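No value in this document is a laboratory result; all are computed from the given coordinates. Keep in mind that what you see is a predicted model, and the values were worked out from it rather than measured. Heads up, the Cβs are rebuilt from the backbone with ideal geometry, glycines too, and the neighbour counts pull from every protein chain shown.
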Amino acid sequence: MRLSVVITGSIQLVRLVKTALDETRMLVLGAQILLGFELSGVFRDGFASLPLYARYLDGIALLMMIIAIACWCPRELSPDRRHR
């Protein structure tokens with residue numbers, strides 16, 4: 001009886017860990033998509049017509065987003081050591 005409780009508990013733990021990892025992957029993907037949208041704004045035609053302070057604010061926002069993503073998911077952004 002005790003062995004079945006341990007096996008059932010470990011199976012549930014495996015499911016919880018898998019769910020957490022899947023959710024984290026989705027959040028990383030969403031953050032990278034948001035970063036892509038932020039970066040694409042610089043290459044639009046109207047960006048040059050913005051006032052200087054607005055362009056600086058956009059650059060600061062882009063830098064802050066890059067730093068936040070790098071702090072949040074450094075392992076997903078760096079190459080795996082096994083592939084070297």
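In this rough spin-label picture, where each label sits 7 Å from Cα along the Cβ direction, the ALA70-LYS18 distance is 3.5 nm. Taking max minus min of the alpha-carbon positions on each principal axis, the range 13-69 gives extents of 54, 19, 9 Å, largest first. Here the simple spin-label model places points 7 Å from the Cα toward Cβ, and for SER49 and LEU29 these points are separated by 3.7 nm.
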